[in-house]
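Visitor: Below you will find the structure I want to go over with you.
The values are calculated or read from the model by the stated rules, or taken from the named source; none is laboratory data. The model shown is predicted, which means the values in this text are computed figures rather than measured ones. Every residue, glycine as well, gets a Cβ built from its backbone with ideal geometry; the counts of neighbours run over all protein chains shown. Accessible surface is based on the protein model in full, side chains and every heavy atom, while ligands, DNA and RNA are left aside. Shrake-Rupley method; radii C 1.70, N 1.55, O 1.52, S 1.80 Å.
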Amino acid sequence: MKTIILGPPGTGKTTTLLNLVDEFIKQGTKPKEIGYFSFTKKAAKEAATRASEKFGLSEDHDLIYFRTLHSLAFRMLGITKDKMMSREDYREFGLRCNIPIKTASYSDEDGIFNSDNEYLTIINTARVKKMDLMECYDSRRNLLDIERDTLFLLDQELKRFKKEKGLKDFTDLLDDFVEQDLAPKFKVLFIDEAQDLSHLQWEMVRSIWKKAEKTYIAGDDDQAIFKWAGADVDHFIALRDEVDDIKTLNQSYRIPGGPIHELSQKIISRVKNRYEKDYKPRQETGLLRFYTDITQVDMSKGEWTVLASANYFLDDVKELCELQGWYYQHKGMNSISLELLLALSNWEDFRNGLALNYIQIKNIYRYLGANITPGYKDAKTLKAEEKYLIKDCIQNHGLLTDKVWYESFQGVDTITENYIRNMRANGEKINKTPRILMSTIHAFKGGERDNLCVLLDLTAAAVKQSEYDPDDLHRLYYTAFTRAKRELHIVDPRDFNKAYTI
């Protein structure tokens, strides 16, 4: 018995699956007879945590099959981490072959291979797509600036390198799992985020479900935005011809009614091969606005997310935030380091008579420069178990100032100083998570925000790719627009020849 559960944005797909897990456990199915596998570690962890809390189960001992597919293969093959290709191994391989490799690794979150070297990227893409390497290269219409013959030789050399050192990568694990038929037997099998699985992952899923009594496959083909990494959404769509039932969740608890929902439906209707889905938005009407430039968007209040197709398109947004004195986060990094912000906050407390501990004072000393007597900058004269007033540090521990931070801190440049002063004047809560988040659309998938701003700029490669495969971009911007809970703000591109057209 196989059932597909289609979950449009905000319809509670994961919650629906977890409720099914609850039902099966209540009916007496043992936790170890349930397999719950997802594309991302986050989704698998959420399922395991909920089942653990509800039934008092151990995630490590009872819920051993709540994990990603890569993690399952790793476990069943009995591989240890020291036998896996590491960043250092890839750098060594690059030096041996005289090719530059700064970064090369598989994401611990979703198993996607990321590298700054295009040769390694296309080699892995061909493998997860189960394609001949040269065929994969040719299918990309030579978008990449790499040599065909060199690609073939590097692939052969990489195989020799791994064999010589006795190493595997994540893709090897999936191949070995399928070849050795290592799938456990399950009474119930759940496959979440199915639209993001690669051809190789689908082979693994099929090897698992043939030993399962019931299988639930959940996803949304309209949100399949990882085709560049090898995701095979067409495989997911083709399943409609071999499953027993297809259920569509028909109420979104995120997307507001009115123009935002209408725009998203207009965008996704352009995709030719898809599951048709009729779902309702919330009754509340959303706000949709268009701008010719990012400077017109007022982000002075509330929590915002700004999305772009590539990180460098966010540079203008960062510049705007710094000019306006708005606190933001990009690529997991706050616009001002937490260490500096803590030092500022603690310094003001220090000046106002609050006693600080050794760690707080040491962090402050890092930024005081010549305002610390030589020999005292590492705060070694302070005792870890005691607290000190500012007068104590002036008298006994080398502190030479008690002025306001912007007159005392010497390790802060003028631009940063002015930015911080503007943020404080604006009332930004710099001791908390920044209220403005910047991200690529791919990295924010699964997220949502009351106020969403989307940039329409595209890379030259994306424009060229869309000439013969436009559906990828339609899905990308449908996914972007459906992150909005209340307001959607869309900004025109800098170059209309390199833009997504609404």
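Visitor: Please find, within the range 336-386, the residue that is nearest to L400 (Cα to Cα) out of those that are assigned to a loop (DSSP other than H, G, I, E, B) and among the polar types (S, T, N, Q). Break it down into steps so the answer makes sense when it comes.
Guide: Our first condition is that a residue be assigned to a loop (DSSP other than H, G, I, E, B); within the range 336-386, this holds for 336-337, 352-355, 366-368, 373-386.
Filter once more, keeping what is among the polar types (S, T, N, Q): 337, 352, 373, 381.
Numbers: S337: 25, N352: 16, T373: 7, T381: 15 Å.
Applying the filter and picking the extreme gives T373.
Visitor: Within the range 337-352, is even one residue hydrophobic (A, V, I, L, M, F, W, C), at pLDDT below 95, open to solvent by 30 Å² or more (accessible area, probe 1.4 Å) and farther than 14 Å from K429 by Cα?
Guide: No, every residue in the range 337-352 fails to be hydrophobic (A, V, I, L, M, F, W, C), at pLDDT below 95, open to solvent by 30 Å² or more (accessible area, probe 1.4 Å) and farther than 14 Å from K429 by Cα.
Visitor: Please give the strands (runs of 3 or more DSSP E) falling wholly within the range 51-161 in which 2 or more residues are touching a His at 6+ places or on another chain (Cβ under 7 Å) and modelled with pLDDT of 95 or more.
Guide: Here the list is empty.
Visitor: Of all residues in the range 451-484 being under 30 Å from E284 (Cβ atoms) and assigned to a loop (DSSP other than H, G, I, E, B), which is nearest to the chain's Cα centre (by Cα)?
Guide: The selected residue is R483.
Visitor: Out of the residues in the range 409-433 meeting the condition of being open to solvent by 50 Å² or more (accessible area, probe 1.4 Å) and of a type in the set (S, T, Y), tell me which one is farthest from the chain's Cα centre (by Cα).
Guide: Filtering first and then ranking leaves T414.
Visitor: In the range 82-111, which residues are open to solvent by 70 Å² or more (accessible area, probe 1.4 Å) and within 19 Å of D175 (Cβ to Cβ)?
Guide: Hit for the range 82-111 is K83, nothing else.
Visitor: Sort out which residues of the range 143-185 are of a type in the set (S, T, N, Q) and over 30 Å from K464 (Cβ atoms), and write them in order of number.
Guide: Q180
Visitor: Hey, another quick one. Anything in the range 387-403 that is open to solvent by 80 Å² or more (accessible area, probe 1.4 Å) and assigned to a helix (DSSP H, G or I)? List them, or say none.
Guide: Within the range 387-403, the subset open to solvent by 80 Å² or more (accessible area, probe 1.4 Å) is 387, 391, 395-396, 400, 402-403.
If the condition is that a residue be open to solvent by 80 Å² or more (accessible area, probe 1.4 Å) and assigned to a helix (DSSP H, G or I), then K391, Q395, N396 are the ones that fit.
Visitor: Would you check if Y137 is open to solvent by less than 60 Å² (accessible area, probe 1.4 Å), over 22 Å from R91 (Cβ atoms) and without any contact (Cβ under 8 Å) to a residue 60 or more places away in the chain?
Guide: yes
Visitor: Something else now. Might you let me know whether the range 17-34 holds any residue that is under 28 Å from H235 (Cα atoms), at pLDDT 90 or above, open to solvent by less than 10 Å² (accessible area, probe 1.4 Å) and part of a strand (DSSP E or B)?
Guide: Yes; the residues of the range 17-34 include at least one that is under 28 Å from H235 (Cα atoms), at pLDDT 90 or above, open to solvent by less than 10 Å² (accessible area, probe 1.4 Å) and part of a strand (DSSP E or B).
Visitor: Collect the residues in the range 169-206 that are open to solvent by 10 Å² or more (accessible area, probe 1.4 Å), farther than 30 Å from G10 by Cα and outside any loop (DSSP other than H, G, I, E, B), keeping them in residue-number order.
Guide: F170, D172, D175, D176, V178, E179, Q180, listed by residue number.
Visitor: Which residues, taken from the range 233-267, are crowded, with 23+ Cβ neighbours inside 10 Å and charged (D, E, K, R)?
Guide: None - no residue of the range 233-267 is crowded, with 23+ Cβ neighbours inside 10 Å and charged (D, E, K, R), so the list stays empty.
Visitor: Restricting to the range 140-168, and then to whatever is within 28 Å of K83 (Cβ to Cβ), among the aliphatic types (A, V, I, L, M) and free of Cβ contacts under 8 Å to residues at least 40 places away in the same chain, can you tell me which residue is surrounded by the fewest Cβ atoms within 10 Å (Cβ to Cβ)?
Guide: Filtering first and then ranking leaves L153.
Per-residue answers, yes or no, for (1) open to solvent by 30 Å² or more (accessible area, probe 1.4 Å); (2) not polar (S, T, N, Q):
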position: R274; (1), (2): no, yes
position: Q283; (1), (2): yes, no
position: T295; (1), (2): yes, no
position: D298; (1), (2): yes, yes
position: K318; (1), (2): yes, yes
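Visitor: Restricting to the range 330-377, give me the number of residues that are within 30 Å of L437 (Cβ to Cβ) and either touching a residue at least 40 places away in the same chain (Cβ under 8 Å) or of a type outside the set (A, V, I, L, M) (or both).
Guide: Here the count works out to 22.
Visitor: Scan Y365, Y406 and give me the residue that is touching an Asp or Glu at 6+ places or on another chain (Cβ under 9 Å) and either small (G, A, S) or open to solvent by less than 30 Å² (accessible area, probe 1.4 Å) (or both).
Guide: Y365 is the lone residue from the list that is touching an Asp or Glu at 6+ places or on another chain (Cβ under 9 Å) and either small (G, A, S) or open to solvent by less than 30 Å² (accessible area, probe 1.4 Å) (or both).
Visitor: Can you tell me which of A370, A308 is loosely packed, with under 15 Cβ neighbours inside 10 Å and aliphatic (A, V, I, L, M)? Let's see the steps before the verdict.
Guide: On the way: A308 fails: loosely packed, with under 15 Cβ neighbours inside 10 Å.
After ruling out the rest, the residue left standing is A370.
Visitor: Take the residues of the range 434-465 that are farther than 23 Å from E46 by Cα and at pLDDT below 90: which is most open to solvent (accessible area, probe 1.4 Å)?
Guide: Here the answer is K464.
Visitor: Which of the residues spanning the range 59-81 are open to solvent by 40 Å² or more (accessible area, probe 1.4 Å) and over 19 Å from D169 (Cβ atoms)?
Guide: E59, D60, H61, D62 - these are the residues of the range 59-81 that are open to solvent by 40 Å² or more (accessible area, probe 1.4 Å) and over 19 Å from D169 (Cβ atoms).
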